[in-house]
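Only one structure is covered here, and it is reproduced in the block below.
Each reported figure results from applying straightforward, stated rules to the coordinates on display, with no laboratory input. The structure displayed is predicted, hence computed values, not measured ones. Every residue, glycine among them, receives a Cβ derived from its backbone with ideal geometry; neighbour counts consider all protein chains shown.
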Amino acid sequence: MTIRLAVPGDIPELVRLIEASVRELQAADYTSAQLEGALESVYGVDSQLVADGTYFVVEEAGEVRKELETQLAQVNNFLNTEVANFNKNAAEHGSSTLFAGGPIQIKSGSGAASSASTGNDEEDEDQD
């Protein structure tokens with residue numbers, strides 16, 4: 001985990017993060033209109049705090065997500081090539097084949113911290 005001072009270049013990502021978290025985490029408690037109103041007037045990045053050097057950024061989540069995306073790409077590549085090749089050979093020999101489902105994806109929204117998506121909505125509901 002890296003904790004550092006925010007710089008002006010961080011502001012667009014911080015805005016995106018704040019907006020996404022408000023819309024997701026408070027959706028059960030407020031209407032869309034209330035959330036959008038709060039984003040316009042209450043929530044946001046205080047650019048003066050960034051300029052003053054008193055706004056901090058934690059970078060671990062971004063680094064972890066990049067690593068997870070890399071690993072998922074490798075797994076999905078394996079599923080698309082090796083499992084497909086296995087199934088082709090198995091079918092040619094009259095053997096059983098494997099079902100790998102859709103590509104594994106990072107989920108956004110509720111449950112995102114605890115699970116990944118298989119791309120199959122029915123399987124994902126079973127996991128939650």
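So how do 83-96, 16-29 stack up, highest first, on mean other-Cβ count within 10 Å?
With the highest mean Cβ count within 10 Å placed first, the list reads 16-29, 83-96.
For the stretch 5-62, calculate the relative contact order in percent as a whole number, restricting contacts to Cα pairs under 8 Å that are 6 or more residues apart.
57 percent
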Full extension between residue 56 and residue 32 adds, at 0.36 nm per residue less the Cα distance, a length in nm of 5.8 nm
Given a Förster distance of 35 Å, the FRET efficiency implied by the Cβ-Cβ spacing of residue 79 and residue 39, rounded to the nearest 0.05, works out to 0.35
Checked the stretch 1-58 against the a/c 1.5 cut and the a/b vs b/c comparison, axes a ≥ b ≥ c from its Cα gyration tensor; verdict prolate
